[in-house]
Amino acid sequence: ACDSEGLRVAHSLPSLRSEAVAAAGPKAFHVELHDREGLRAARPAEMLYAYVSLGRYKATVASPLVGDLDLLLYVDGALVDSRHVVARCPPYLVPLPDRSCGCDTNLEPVGGLAESQGCRPCYMGYHKGAPGNGSCQPDTWPIIVSSVGGALGLVMILVLVIFARRIYQRHLLAMAAAEREGAEKRRRIQEAVKGVTSLKFPLSVMPLSKLREQGRLMPYEEARDAGVLRCCDTMEAAVSFAADHPLVFVSHQWLSASHPDPHSQHYPIILEAAEALCAEHGLDPSKLHLWLDYHSIPQANEATKWLAIGSIALYAACS
């Protein structure tokens, strides 16, 4: 460089003042940037000059593109030197597809000028999906989420209403079932109380003397028609009758499916047992009456049979 006063002129040789320099006069210099494919940069390189000392100058070149470039030095229009350089974005910027620099994702330029004023984050509710020098855009997902959330909320409320209704219906059904069960339980209790205080079928007994006269065990219907049974229609009548007439409750095994004593095996034993009971307790045989299922319970009618069976406990209580 030939200017020690900081003038914006320079040339490569000679480096000190001389007559040759004075004769040649000042020479202007500039630089150009070319990419490695031989194409000139998209816009002229911005060059800043600064005087260093002793006639030396420092030129700072801002590249319009990033990547591999050739730095060309011209003095008075003639190429005097070239260098291979790699241009990079400033730390706060990122390379863009067009080889320029811009703000990263979710960052926007400050004042619209990223290279000179930097980048700032997008405000809440805004976003930028890709690097570039564009501004942040309003988010659409809160609206979508809000709509979807509202729909889901309505669905949840509907589900809860249906669920609560089903629970309430089940509660009503359970209460109705409990009420029916309670009513049935009360009915059974009342029936049981009634069963131990009233006869469902008359107490039917046969005098020992009449049983001896028949010569065998006979069914209820035949004994009734023969007039050999003594019947008490109420519990009070049965208790009053038993107070004056000893009653014997006879239980025995049936020896066939259709007749309790088909071969008269039980009959003589029943008579013998009744007479022995009278002799042992000093009872009058003429007043002794016997309750025996074959002649005391209806055999032909199932309905009356089960009524008599339902009063067996009361029959036994009178004996």
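From Thr234, Thr140, grab the single residue that is among the hydroxyl-bearing types (Ser, Thr, Tyr) and at pLDDT below 90.
Numbers: Thr234 fails: at pLDDT below 90.
Just a single option satisfies the conditions, and that option is Thr140.
Condition check ((1) free of Cβ contacts under 8 Å to residues at least 40 places away in the same chain; (2) more than 20 Å from Ala313 (Cα to Cα)) across all residues:
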site	(1), (2)
Phe201	no, no
Val205	no, no
Asp225	yes, yes
Arg230	no, no
Ser240	yes, no
Val250	no, no
His266	no, yes
Glu280	yes, yes
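Can you tell me which residues in the range 60-95 are in contact (Cβ under 8 Å) with a residue 40 or more places away in the chain and under 30 Å from Asn106 (Cβ atoms)?
Result: Ala87, single match.
If you check every pair at least six apart or on different chains, which have Cβ atoms under 6 Å apart with a residue in the range 98-111 that is free of Cβ contacts under 8 Å to residues at least 12 places away in the same chain first and a residue that is open to solvent by 40 Å² or more (accessible area, probe 1.4 Å) and in a strand (DSSP E or B) second?
Pairs found: Val110/Arg120.
The values are calculated or read from the model by the stated rules, or taken from the named source; none is laboratory data. Treat the numbers as computed from the prediction; the structure is a model and nothing was measured. For neighbour counting, all protein chains shown are included, and Cβ atoms are generated from backbone atoms with ideal geometry for every residue, glycine included. Just so you know, the surface numbers come from the protein's heavy atoms only, side chains and all, with ligands and any DNA or RNA stripped out. Shrake-Rupley method; radii C 1.70, N 1.55, O 1.52, S 1.80 Å.
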